[in-house]
Ligand code: NDP
């Protein structure tokens with residue numbers, strides 16, 4: 001089997017010399033375990049944080065050991081005492097970044113190709129989808145008619161945030177993304193009312209003011225920095241910011257300059273709240289039911305950028321950090 005190892009801790013933007021793809025022995029599954037051939041691997045922004053040796057809500061990747069991440073695979077063999085799984089079943093598990101894995105059956109979830117395409121368990125109906133849903137419902141407490149602004153809007157979480165916001169009753173939905181093509185996709189295909197390219201020369205604050213001239217009620221932050229500053233400026237009284245991610249800082253080697261306008265939190269009585277999807281597993285069933293129905297009816301669209309081959313997992317990860325994905329970035333094996 002092949003597995004990606006972290007061999008050096010990146011400083012700033014990771015480079016290929018920080019990683020190595022190595023052969024690992026393929027064992028027969030012991031008691032309570034499954035041998036799995038991975039079919040899809042997820043690459044996610046939070047993995048950049050795990051490459052640093054700092055305490056966080058997930059432990060850092062260990063040097064010289066196989067990396068981990070969300071994956072969907074096919075069960076090849078079942079260890080002693082395992083019930084509920086058989087060869088040929090598909091499972092969602094946490095041992096990605098490799099071609100095959102021996103997975104603890106208690107930590108694998110059965111998924112079915114008959115219910116939904118296997119890739120969607122890592123995206124629109126998976127972790128990133130639940131993040132979007134939980135952020136809007138439980139953290140922002142979205143109410144009918146809210147104007148919602150989401151950054152990283154053409155990514156996996158962001159593209160779902162914008163559409164779910166509309167389906168859950170939002171008024172105006174505004175997004176930002178890093179190319180003209182992505183902006184077009186948001187407004188023409190996904191039904192965003194307005195979108196802008198944050199890489200255009202005009203400051204984000206100005207572009208947001210133009211896209212949401214009457215202000216915003218909810219900001220779903222995937223980016224941080226200047227975007228958060230722009231949202232604080234645009235907020236109505238009692239605005240709510242869901243701090244989901246701050247990808248503009250993940251490779252930064254200096255602290256961010258923005259936001260410089262935090263004092264507005266007082267006068268506007270803003271609520272700025274961080275979230276972790278892991279705290280919202282209780283919403284999963286309701287989310288999958290609702291979002292699954294919207295995917296089947298075509299009201300919730302999703303896009304995937306798929307890179308082929310385990311040997312290209314690192315390219316997919318680095319490409320995602322550079323914005324080469326529209327929707328969820330995945331590796332297909
Ligand atoms: P995406 O699919 O959105 O991919 C990342 C995107 O970030 C890229 O496509 C790129 O798009 C954009 N990006 C990269 N650098 C910058 C930058 N400097 N400024 C603005 N945008 C940038 O990833 P996900 O949907 O998986 O994750 C989105 C966010 O949600 C991340 O911040 C992630 O950490 C967070 N997250 C948090 C969770 C939680 O529980 N709190 C769970 C899951 C995700 P572009 O072309 O637009 O630049």
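Values in this text are rule-based calculations from the coordinates and carry no lab data. Since the structure is predicted, the reported quantities are computational estimates derived from the model, not experimental observations. Here Cβ is always computed from backbone atoms with ideal geometry, including for glycine, and neighbour counts include all displayed protein chains.
Quick notes on this structure:
- Segments 117-123, 5-11, 53-59, 325-331 sorted - mean Cβ within 10 Å per residue, highest first: 325-331, 117-123, 5-11, 53-59
- Once the Cα-Cα distance is subtracted from the 0.36 nm per residue extended length, the residue 179 to residue 62 segment shows a gain of 38.6 nm.
- When you count the other C-beta atoms within 10 angstrom of each residue and take the mean per peptide, 255-265, 205-215, 131-141, 158-168 line up highest first as 158-168, 131-141, 205-215, 255-265.
- Percent antiparallel among DSSP beta bridges (both partners in the range 177-333, rounded to 5): 0
- Take every DSSP beta bridge whose two residues both sit in the chain; close to 55 percent of them are antiparallel.
- Which of 268, 199 has the fewest Cβ neighbours within 10 Å, and the rest in rising order: 199, 268
- Mean separation of Cα contacts under 8 Å, 6 or more apart, over the residue count of the range 45-144: relative contact order %: 19
- Mean Cα-pair separation over length for the chain, i.e. relative contact order, pairs under 8 Å, 6 or more apart, %: 17
- The angle separating the long axis of helix 156-167 from the principal Cα axis of greatest extent in the chain is about 60 degrees.
- Estimated FRET transfer efficiency when R0 is 25 angstrom, pair residue 206-residue 266 (beta carbons, to 0.05): 0.55
- Relative exposure of 150, 39, judged by other C-beta atoms within 10 Å (fewest first): 39, 150
- MRE, 222 nm, helices only [DSSP H, n ≥ 4, -39500 (n - 2.57), over the chain, to nearest 500]: -6000 deg cm²/dmol
- Here the relative contact order of the range 127-278, from alpha carbon pairs under 8 Å that lie six or more residues apart, stands at 22 percent.
- Each of 83, 147 was scored by other Cβ atoms within 10 Å of its Cβ. Arranged with the fewest first, they read 83, 147.
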